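The structure appears right after this line, and notes come after that.
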Amino acid sequence: MKKLFLDDIRTIEMVYDQTMEKEFDIVRTYEDFVHYIEKNGLPEFISFDNDLGLDENNEVAKDGYAAAKWLVYKSGLDLRNLKFNVHSANPVAADQIRGLLNNYIRFLNEETN
């Protein structure tokens with residue numbers, strides 16, 4: 001099972017057991033997140049950070065919530081089987097990401113029943 005880790009600073013062993021490192025691909029920016037999924041398809045598991053630092057213009061970069069919104073509104077992918085975790089230290093943003101994805105996945109599952 002391929003896993004994706006979105007975080008600008010942390011490494012896998014800072015969030016998960018070090019033995020899991022080989023299971024993950026790491027992306028550090030929103031743009032890399034979108035590019036990875038467009039190229040490789042939807043992974044079975046995504047671990048989200050929210051705050052992704054500054055962009056090349058020293059402005060606040062698009063965040064993990066923007067990545068989750070891209071999955072829901074723009075990717076066109078079937079997210080019904082997506083497993084995810086939010087490892088962000090930002091509790092408000094973490095709740096937003098979880099809420100968006102859980103509600104959308106619930107909606108998709110209800111729509112097919």
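Each reported figure results from applying straightforward, stated rules to the coordinates on display, with no laboratory input. The shown structure was predicted, so the numbers you read here are calculated from the model rather than taken from an experiment. Counting neighbours? That spans all protein chains shown, and the Cβs are built from the backbone with ideal geometry, glycine included.
Points to keep in mind about this one:
- Computed from Cα atoms, the angle from the helix 64-73 axis to the main principal axis of the chain rounds to 30 degrees.
- Modelled label positions at Glu56 and Ala89, each set 7 Å beyond Cα in the direction of Cβ, lie 2.8 nm from each other.
- Label zone at Phe107 (point 7 Å along Cα-to-Cβ), backbone N below 11 Å, the range 63-100: 72-74, 100
- Charge dipole magnitude, Cβ of K and R +1, D and E -1 - the chain, Cα centre, debye nearest 20: 420
- Correct choice for Cα extents along the principal axes in Å that was computed from the model, options (i) 44, 34, 29; (ii) 40, 27, 23; (iii) 51, 33, 20: (i)
- FRET efficiency for Asp17 and Arg80, using Cβ-Cβ distance with R0 set to 25 Å, rounded to 0.05: 0.35
- Using a simple spin-label model with pseudo-atoms 7 Å out from Cα toward Cβ, Lys39 and Tyr73 lie 2.6 nm apart.
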